[in-house]
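A short reminder: the numbers here are calculations on the coordinates, not readings from a lab. Keep in mind that this is a model prediction, so the values were computed, not measured. For neighbour counting, all protein chains shown are included, and Cβ atoms are generated from backbone atoms with ideal geometry for every residue, glycine included.
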Ligand SMILES: N[C@@H](CCC(=O)N[C@@H](CS)C(=O)NCC(=O)O)C(=O)O
C-alpha cells in the first residue's frame, strides 16, 4: 500500500513530513485534509495534522511519522544510526518542534493570521510579547546552523522541521527583520531553500 500523508499543505508539520518523504526519494500520496475534518478526526484523537497511513499502520505526531518513514524506507538516513549522532539530531528536532514552533508559529504567525478584533485589526498583545523573545531564539538558531545544517554538517530530519517554520516566520515584518540580522541563518535558509524537497512543498 502506498504511503499516504494526510494534512493541509499550509501546515508546517505536514510540510516537514512531506520533505522527509521527498528526501528519501519516495512517491507518496498527499491527502490535503484540514485539521478537524472527519478523516483527520478518525486518525488523530485531537483532530490535528499531519497523519499518515502505510501498509495497515495509521500514525499521528510528526516526530513519530518522520522516524517511521526514515526507518522503513530506503534512501539517505535522515536520523543517523550512530546513537550519539542520532541523539543530537533528535535533540534539534524536538527543540524546533516544541520551543521554536511555539514562539515563531503559535505565538507569532498564528496570532497575525487569526487573532483579529471586531474591526478586523490584528490584536498585537501576544505578538509583541513573542517578538521580545526573538533576539534570544534567533541567536540560538544562528549559532546552531554554523556547521552548515542544524546542529551538524550534514542535512537531517532536524532541517525538515526547521525550514517550514523559518519560511513562515518571514511572512511578517519582525520575522523578516530578525532573519536579516542573523547572517548564518540567512545563508542556511537560502542554501536549504534550493533543495527540491523544500521547493516542491511550497504553497
Ligand atoms: N505535535 C503535533 C502538532 C500538530 C499540530 O499542532 N498541527 C497543527 C497544524 S501545524 C494543527 O493541526 N492545528 C489545528 C488546531 O490546533 O486546531 C505534531 O507534531 O504532529
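Structure values in brief
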read-out: Sites residue 64 and residue 39 - FRET efficiency at Förster radius 25 Å, r taken between beta-carbons, to 0.05; value: 0.85
read-out: Compactness of the range 3-72 - radius of gyration and Dmax, Cα, Å; value: 10.7, 30
read-out: Order of 162, 137 under a 10 Å beta carbon neighbour criterion, fewest first; value: 137, 162
read-out: Among 186, 27, 16, residue whose mean-square fluctuation peaks in a GNM of the chain (springs only between Cα atoms under 10 Å); value: 27
read-out: Of 102, 133, 18, the one that fluctuates the most in a GNM where the chain has Cα springs shorter than 10 Å; value: 133
read-out: Per-selection Rg to Rh, the chain - Cα, Kirkwood hydrodynamic radius; value: 0.97
read-out: Extended-chain gain in nm, criterion 0.36 nm per residue less alpha-carbon gap, residue 119 and residue 177; value: 18.1 nm
read-out: The chain: relative contact order as a whole-number percent, Cα under 8 Å and 6+ apart; value: 22
read-out: GNM flexibility winner over the chain from 89, 109, 123 (Cα, springs under 10 Å); value: 123
read-out: Computed over the range 90-203, the ratio Rg/Rh where both radii use C-alpha atoms and Rh is Kirkwood; value: 0.98
read-out: Per-residue Cβ neighbour rank within 10 angstrom, fewest leading, 68, 188, 112; value: 68, 112, 188
read-out: Relative contact order (percent, whole number), the range 3-72, Cα cutoff 8 Å, 6+ residue spacing; value: 35
read-out: Packing-based exposure ordering (other Cβ within 10 Å, fewest first) of 49, 127; value: 127, 49
read-out: Length-normalised contact order of the range 83-195 in % [C-alpha pairs under 8 Å, at least 6 apart]; value: 30
read-out: Cα-Cα separations in the range 101-158 greater than 14 Å, expressed as whole percent; value: 63
read-out: Inter-part distance where the range 1-40 and the range 163-184 are each reduced to a Cα centre, Å; value: 24
read-out: Over the chain: helical MRE at 222 nm, DSSP H runs n ≥ 4 each giving -39500 (n - 2.57), nearest 500; value: -14500 deg cm²/dmol
read-out: Inter-centroid distance (Cα atoms) of the range 94-150 relative to the range 63-86, Å; value: 27
